[in-house]
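Engineer: Before I ask anything, let me first share the structure, which is written out below as structure tokens.
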């Protein structure tokens, strides 16, 4: 069992394997779930799904970086390809539910976007916050390579907004699906000889505290105190298994 670890002067911890807790949590910036038995198989299935059903069929949205460090970013939104979006949605919510995430996904699913982010060896994504998609937070699923993330200080620059400050805390390597506060500076470097890829689910309207509550609390988390028109009954947790 992984022992409890609290870094001095930082709100950071790695906790033991206990339901309702995160494996790793850092301030209001990042929280890695415990994962679950079978995640590696679901991860491989999702990776294969990208290769057979997404790659080459959806145009790259953009590239980020220069020369060999360019990342390929493929976005899938609800209204641009509904059948493909639904396939990804079912896989993401299946993984999330198995990780102990108790969000009412059906409540806000039309406000979710999916982005596959591929990074080559030597890739370097400078510190940043959400820019193109103004989401409140994200749910990241690691798919390929060594997945690490670093965090950076916010420095007040008056009316021009915050600017990036020094790196804070250690660089964290994660192995399981994780919540990320995309409005706090973070950056990624792939200093390995292998490619790196994650699936980022943009939770456009899910506040950070609701995301955290969905794991640490005991009840399903709803965003509103009323039933949305498209959800007229309770939707049970989806634990569907996918064959390769």
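Engineer: Considering just Cα atoms, how many Å³ per residue does the convex hull of the stretch 81-132 enclose? Display every interim value, and only then the final one.
Structural biologist: Working: hull volume 7.6 nm³, N = 52.
So the per-residue hull volume is 146 Å³.
Engineer: Starting from 0.36 nm per residue, how many nanometres of slack lie between residue 154 and residue 111 once their C-alpha separation is accounted for? Before the final figure, lay out the partial values.
Structural biologist: On the way: separation 43, 0.36 × 43 = 15.48 nm, distance 2.76 nm.
Net length gain for the segment: 12.7 nm.
Engineer: Quickly rank 111-119, 39-47, 77-85 as a protection proxy: mean count of other C-beta atoms within 10 Å, highest first. If you can, show how the numbers build up before the last one.
Structural biologist: Values: 111-119: 21.3, 39-47: 16.3, 77-85: 13.1.
Peptide ranking by packing, descending: 111-119, 39-47, 77-85.
Engineer: When the C-alpha atoms of the stretch 134-230 are aligned to their principal axes, what extent does each axis show, in angstrom, from largest down?
Structural biologist: Extents along the principal axes, in whole Å: 47, 39, 23.
Engineer: At a 10 Å Cβ-Cβ cut-off, how would you order 162, 37, fewest neighbours first?
Structural biologist: Working: 162 15, 37 7.
Least to most surrounded, the residues fall as 37, 162.
Engineer: If r is the Cβ-Cβ distance from residue 163 to residue 45 and R0 is 41 Å, what FRET efficiency results, to the nearest 0.05?
Structural biologist: Details: r = 41 Å, r/R0 = 1.00.
E(calc), rounded to 0.05, equals 0.50.
Engineer: Cut-off is 10 Å between beta-carbons; in what order do 141, 163, 155 appear when sorted fewest neighbours first?
Structural biologist: On the way: 141 25, 163 14, 155 11.
Arranged by neighbour count, lowest to highest, 141, 163, 155 become 155, 163, 141.
Engineer: For residue 77 and residue 90 in the same chain, what is the full-extension length gain: residue separation times 0.36 nm, less their Cα-Cα distance, in nm? All intermediate terms of the calculation are to be shown ahead of the outcome.
Structural biologist: Details: separation 13, 0.36 × 13 = 4.68 nm, distance 1.40 nm.
In short, 3.3 nm is gained.
Engineer: To continue, here is another question. Starting from the coordinates of the alpha-carbon atoms of the stretch 61-183, obtain the Kirkwood hydrodynamic radius over all distinct pairs and give the value in Å to one decimal.
Structural biologist: Numbers: mean 1/r = 0.0608 Å⁻¹.
Here the Kirkwood hydrodynamic radius works out to 16.5 Å.
Engineer: So, one more: If neighbour count is taken as other Cβ atoms inside 10 Å, put 33, 52 in order from fewest to most. Intermediate results must be reported in sequence, preceding the final value.
Structural biologist: Numbers: 33 24, 52 10.
Lowest to highest Cβ neighbour count: 52, 33.
Engineer: OK, next. At q = 0.13, 0.28 Å⁻¹, work out log10 I(q)/I(0) for the stretch 110-167 with the Debye formula, treating every Cα as an identical point scatterer and leaving solvent out; two decimals please.
Structural biologist: Taken in order of the listed q values, log10 I(q)/I(0) reads -0.48, -1.35.
Taken together, the values in this text are just the output of simple stated rules run on the coordinates, not laboratory data. Bear in mind the structure is a predicted one, so any value in this text is a computation, not a measurement. Here Cβ is always computed from backbone atoms with ideal geometry, including for glycine, and neighbour counts include all displayed protein chains.
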